[in-house]
Structure formats: structure tokens, C-alpha cells
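*Asks:* Below is a structure I'd like to ask you about.
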Amino acid sequence: MIYSVKDTYKDEFVDNQIVETQISPSLLPKIRHKLIDVLYTYKNVFSSDNEPLGTIQGCEVDITLNIDRPYPPVLRRPAYPASLRAREALEKHIQELIQLGVRRKVGHNDKVEVTTPVSISWHNDKSRMVGDFRSLNTYTVPDRYPIPRIPETLSQFSKAKNITSMDALKGFHQNVLMPKIKVLLRIITHCGIYEYLRMPFGIKNEPSQYQRMMNTIFPTELSGGWLIIYMVDILICSDS
């Protein structure tokens, strides 16, 4: 089984910076080397945290609100207070996403109608920036596109001899936004207001929209019964 972008298998890949990949040690050496050859051949489809994000073409994300302008004050929220440690982490995350092209700083002359506060959560001494989009989600028209049911999906594995698991790196951030909705996706922090250029995490309809997009890209493979997609997770079932 292959787990992409989780741990590191460096022997064959470190010089070429192909992909951070863990390959099951239970594979026979002959099969293991064949798998490495395949990964090397298609190295251009893999990415890492230090590389630019890919861009999904032809699928722009839209958001429809069930209210008209002027928007209620609840959509124009102030920044959350933060400790010095949280501020430093927040500044780091902001700069990383600016460099990746995920967001930009809003100019002084830009009209601002919607702002969402963010906070920093900690797990095992690692920080994560979290946008509190609850107010925006309250006024968002829901997208009812179905998400696969896991028990039904797992039944497709019954006859598979090998299962390949892949994960889309920062998958939601690879989605481009419709220009008109960028003004709705602005976060406010102690160091200013920033606008998302790609889909952020925490938006009401992003799972449905991402699932629809993936199903649209891989219709033939999905109908063949050997490919399973659950939002950003891709599973490939094979006999060899």
C-alpha cells in the first residue's frame, strides 16, 4: 500500500525531490522496485509542502448567499484576541499561504463588507490556523451534492489484491474561486485583512463541491469500479 505525503521514503527519491512517500515493507523487492519506477516516471503529478500548489482547471468554486446587500453586521466580525505565541504562529501561516498563492493582503482602498476571524489551534506542539466561518456558513445556500457512504464504498475492496491510497496535497486550496466570491472570503487578523484566492478550509459547501469536481474529472475510472474517491482521498483497487 502507498501512503502519499505522510512519511518519507528517501533512498531513491531524495536526489530528485519527487515525492514524500511511504512504501509498504511487505512488498517483494521485485514489486517494490517496479513501483518505484512507476512513481519516478510520473513524478510530475506529485507535490510536496515546499512546492507550488497545483491548480484544478475548469472548476471554479461558487458561493451563493440567501441574503442581499447590505450584509448584516454579523458578517463583519472583528479579529479574535491572541497570545504572543499564537500571533507569531498566525503570521507564519499567513506568509506561507501568500507564498503559495492561496491568499493576498487586502489593500487600503478595497471595500470590505465581510470579515471572518481566525484562531490558532495546537496539537502536539504544531499549530494550525482555523477560520471561524460559522456566520458566513449560516447565510450560505447549501449544496446537496452527495458524499459517498463509507460502508458502501469499502465493499468495493472485497476482491482487490492491492490498494493504493493517495491524498491530494492541500486539496481544497487547489480549487480556484470565482472572482465575485473572493470578497466573501476575507479573514481579519491582528496584522490586517487577507483575501483568499483559493478555497479555504471550513466553508459549508466545500466537501460537496470538491466531490462533484473529482467525480467530473474521473467519470470513466469511477464507473469501472476500481477507483474510489472520498473528497481529497483517492483509493485504487487492483489485482496486480
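The values are calculated or read from the model by the stated rules, or taken from the named source; none is laboratory data. Owing to the predicted nature of the structure, the values given are computational and were not obtained by experimental measurement. FYI the Cβ positions are ideal-geometry reconstructions off the backbone, even for glycines, and counts take in every protein chain you see.
*Asks:* Restricting to region 208-240, and then to whatever is among the hydrophobic types (A, V, I, L, M, F, W, C) and in contact with an Asp or Glu (Cβ under 8 Å, 6 or more places away or on another chain), can you tell me which residue is nearest to E60 (Cα to Cα)?
*Replies:* V232
*Asks:* Restricting attention to region 73-96, which residues are touching a residue at least 24 places away in the same chain (Cβ under 8 Å) and not charged (D, E, K, R)?
*Replies:* V74, L75, P78, A79, Y80, A82, A86, A89, L90, H93, I94
*Asks:* Let me ask another. Which number in (1) in contact (Cβ under 8 Å) with a residue 12 or more places away in the chain; (2) surrounded by 12 or more Cβ atoms within 10 Å (Cβ to Cβ) marks the one condition that G225 misses?
*Replies:* With respect to (1) in contact (Cβ under 8 Å) with a residue 12 or more places away in the chain; (2) surrounded by 12 or more Cβ atoms within 10 Å (Cβ to Cβ), G225 is out only on (2).
*Asks:* Could you tell me which of the residues I94, I63 is farther than 16 Å from L169 by Cβ, touching a Cys at 6+ places or on another chain (Cβ under 8 Å) and surrounded by 11 or more Cβ atoms within 10 Å (Cβ to Cβ)?
*Replies:* I94
*Asks:* (1) in contact with a Lys or Arg (Cβ under 8 Å, 6 or more places away or on another chain); (2) assigned to a loop (DSSP other than H, G, I, E, B): which one isn't true of A82, the others all being true?
*Replies:* In the conditions (1) in contact with a Lys or Arg (Cβ under 8 Å, 6 or more places away or on another chain); (2) assigned to a loop (DSSP other than H, G, I, E, B), A82 misses (1) alone.
*Asks:* Among (1) free of Cβ contacts under 8 Å to residues at least 40 places away in the same chain; (2) basic (K, R); (3) surrounded by 11 or more Cβ atoms within 10 Å (Cβ to Cβ), which single condition is R103 missing?
*Replies:* Checking R103 against (1) free of Cβ contacts under 8 Å to residues at least 40 places away in the same chain; (2) basic (K, R); (3) surrounded by 11 or more Cβ atoms within 10 Å (Cβ to Cβ), the one that fails is (1).
*Asks:* Hey, another quick one. Look at D125 and say whether it is of a type in the set (D, E, K, R) and touching a residue at least 12 places away in the same chain (Cβ under 8 Å).
*Replies:* no
*Asks:* Looking only at region 55-62, decide whether some residue is within 22 Å of V176 (Cα to Cα), in a loop (DSSP other than H, G, I, E, B) and in contact with a Phe, Trp or Tyr (Cβ under 8 Å, 6 or more places away or on another chain).
*Replies:* Just the residues of region 55-62 that are within 22 Å of V176 (Cα to Cα), to begin with: 55-62.
Imposing the further condition that a residue be in a loop (DSSP other than H, G, I, E, B) reduces the set to 55-60, 62.
Still in the list and also in contact with a Phe, Trp or Tyr (Cβ under 8 Å, 6 or more places away or on another chain): none.
For region 55-62, residues within 22 Å of V176 (Cα to Cα), in a loop (DSSP other than H, G, I, E, B) and in contact with a Phe, Trp or Tyr (Cβ under 8 Å, 6 or more places away or on another chain): absent.
*Asks:* Give D110, D143 a once-over and let me know the one that is among the acidic types (D, E), closer than 20 Å to Q209 by Cα and not in a helix (DSSP H, G or I).
*Replies:* One residue alone meets the criteria, D143.
*Asks:* Taking the conditions exactly as written (more than 30 Å from P70 (Cβ to Cβ) and touching a strand residue (DSSP E or B) at 6+ places or on another chain (Cβ under 7 Å)), does S155 satisfy them or not?
*Replies:* No.
*Asks:* Looking only at region 178-212, count every residue that is under 17 Å from the mean Cα position of the chain (by Cα), aliphatic (A, V, I, L, M) and surrounded by 21 or more Cβ atoms within 10 Å (Cβ to Cβ) and tell me the total.
*Replies:* Of the residues in region 178-212, 3 are under 17 Å from the mean Cα position of the chain (by Cα), aliphatic (A, V, I, L, M) and surrounded by 21 or more Cβ atoms within 10 Å (Cβ to Cβ).
*Asks:* Tell me the residue from T116, T140 that is in contact with a Gly (Cβ under 8 Å, 6 or more places away or on another chain), among the hydroxyl-bearing types (S, T, Y) and assigned by TED's automatic domain parsing to the domain that holds S208, please. Step through it out loud before you land on a result.
*Replies:* On the way: T140 fails: in contact with a Gly (Cβ under 8 Å, 6 or more places away or on another chain).
Result of the check over T116, T140: T116.
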